[in-house]
Amino acid sequence: MTDLAPLIRKHLQQAQRILITSHIRPDGDAIGSTLALGLALTEAGKEVQMVLEDGVPAAFRSLPGSHFIQTRPNGFFDCIIVVDCSDSQRVGKVLDGYRPPDVVIDHHLTSNHFGKINLIDPSAAATASLLAREMPRWGLKITLPVAENLLTGMVTDTLGFRTSSTTPEILRQAADLLELGADLSGIYLRNLVQRTFAAVRYWGQGLAKLQRSETIVWTTLTLADREIAEYNGNDDADLINLLSAIQEAEVAIVLVEQAPQKTKISWRGLKPAVNVAEIARSFGGGGHKSAAGAEMQGSLEDIQQKVLAATRLHLQQIHDSRVKRG
């Protein structure tokens, strides 16, 4: 991979007004990376706007600097940065009326390199890990608030350093952030253990409809489910990670109705041979080999049938390949 550090450092040094954004329905890595980079650039004397179309979910509002995040940009920027986002569509409407981003920093396997400068490393376990590696090379200081945000991104994207993407590098980075004072136990508790009453009620709605066909497990969350549970988010409240613990499964899927004709799909591949990013890509989505997503138009029932058919086909192809190898 070409060393882009000198070029990115020059861009950051020359810029004064900087916009940082990430994807819709932001997760811990998107929010942590946005805040970490934004706070570090602010510390360096830059005028920074951190913008996420959907704002900050309640679970992440205790992060240092979260109150600075806006839902719309304002004014002119001489540098636009997108973090933890694989394509321009997933940014939402934040960049409407603005030029393409100057810098994209991402770790998704399916990234389509939509920036002028693209720092993409699929081997990085989280975008926050990529930032922890590169920010000092850009002349940016990792203070305690920055460290808290970086560690949040790392912990959430690796499910507490449990995913197959966890590397020796990210564990060393986490140790460095702990030495700066980052609260690993608190981050783990807030983001991977604690859930609101409404979120657990929402899980209950999905678990009541849980289905299994051979090695695929799946469920749906409808708009009615969200209303019954009084859950305010438009995500699955991390139900997909709970389904990933099912011993008999090779793939777990959650379909979340966003609107009457719009559904978000999350896949988790639970065996090394499974590449759910390939399945998601066939529906215009993307992600990682073991965790991917897509958004589709149509009725929930029709989408469910298409998703299950594509997932079964992928698993059948894996099976056929094993048979051919003997």
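Please treat every number below as a calculation from the coordinates, not as lab data. Everything numeric here is computed off the predicted structure, so don't read it as measured data. Counting neighbours? That spans all protein chains shown, and the Cβs are built from the backbone with ideal geometry, glycine included.
R0 = 41 Å: FRET efficiency of Ser299 with Gln194, Cβ-based, nearest 0.05?
Between Ser299 and Gln194 the formula returns 0.75.
Would you mind checking which residues have amide H under 5 Å from Gln258's amide H? H placed 1.01 Å from N; only 5 or more apart, or other chain.
Long-range HN contacts for Gln258: Thr263, Lys264.
Which ³J(HN,Hα) values, rounded to whole Hz and listed in residue order, are derived for the range 251-266 from phi using the Karplus coefficients 6.51, -1.76 and 1.60 in 6.51 cos²θ - 1.76 cosθ + 1.60 with θ = phi - 60°, glycine and proline given as x?
9, 10, 9, 10, 10, 10, 6, 9, 7, x, 10, 8, 9, 9, 10, 10
Note the listed values [x] 1.16; [y] 1.19; [z] 0.97, then indicate which one is Rg/Rh (Cα atoms, Kirkwood Rh) calculated from this particular structure.
Step by step, Rg/Rh (Cα atoms, Kirkwood Rh) for this structure corresponds to label [z].
Rank the residues Ile318, Ile240 as a footprinting-exposure proxy: fewest other Cβ atoms within 10 Å of their Cβ go first. Please list the in-between numbers first.
Working: Ile318 15, Ile240 22.
Placing the least packed residue first, the sequence is Ile318, Ile240.
Can you give the FRET efficiency to the nearest 0.05 for Lys271 and Arg137, using r as the Cβ-Cβ distance and R₀ = 30 Å? Please list the in-between numbers first.
Numbers: r = 37 Å, r/R0 = 1.22.
The computed FRET efficiency comes out at 0.25.
Which Cα, out of His108, Ile81, Gly65, lies furthest along the positive dipole direction of the chain (beta carbon charges, K/R +1, D/E -1)?
Farthest towards the positive pole: His108.
Which Cα, out of Pro272, Ile228, Gln305, lies furthest along the positive dipole direction of the range 197-324 (beta carbon charges, K/R +1, D/E -1)?
Positive-most Cα among the choices belongs to Pro272.
Mind checking the dipole of the range 197-324: about its Cα centre, +1 per Lys or Arg Cβ, -1 per Asp or Glu Cβ, Debye to the nearest 20?
With Lys and Arg at +1 and Asp and Glu at -1, about 420 debye.
Given springs between every Cα pair under 10 Å in a Gaussian network model of the chain, which of Ala58, Ala132, Ala237 has the largest fluctuation?
Largest GNM mean-square fluctuation: Ala58.
Equivalent ellipsoid semi-axes for the range 197-324, as square roots of 5 times the alpha carbon gyration tensor eigenvalues: give them largest first, rounded to whole Å.
Calculated on Cα positions only, the semi-axes equal 25, 16, 12 Å.
Would you calculate a helix-derived [θ] at 222 nm for the chain, using -39,500 (n - 2.57) for each DSSP H run of n ≥ 4 and dividing by the full residue count, to the nearest 500?
-11000 deg cm²/dmol
Order these peptides, 62-72, 28-38, by their mean beta-carbon neighbour count within 10 angstrom, highest first.
Ranked by mean Cβ neighbours within 10 Å, highest first: 28-38, 62-72.
When the dipole is taken about the Cα centre of the chain, and only Lys, Arg (+1) and Asp, Glu (-1) are charged at their Cβ, what size is it in debye, to the nearest 20?
Dipole of the chain, to the nearest 20 debye: 420 debye.
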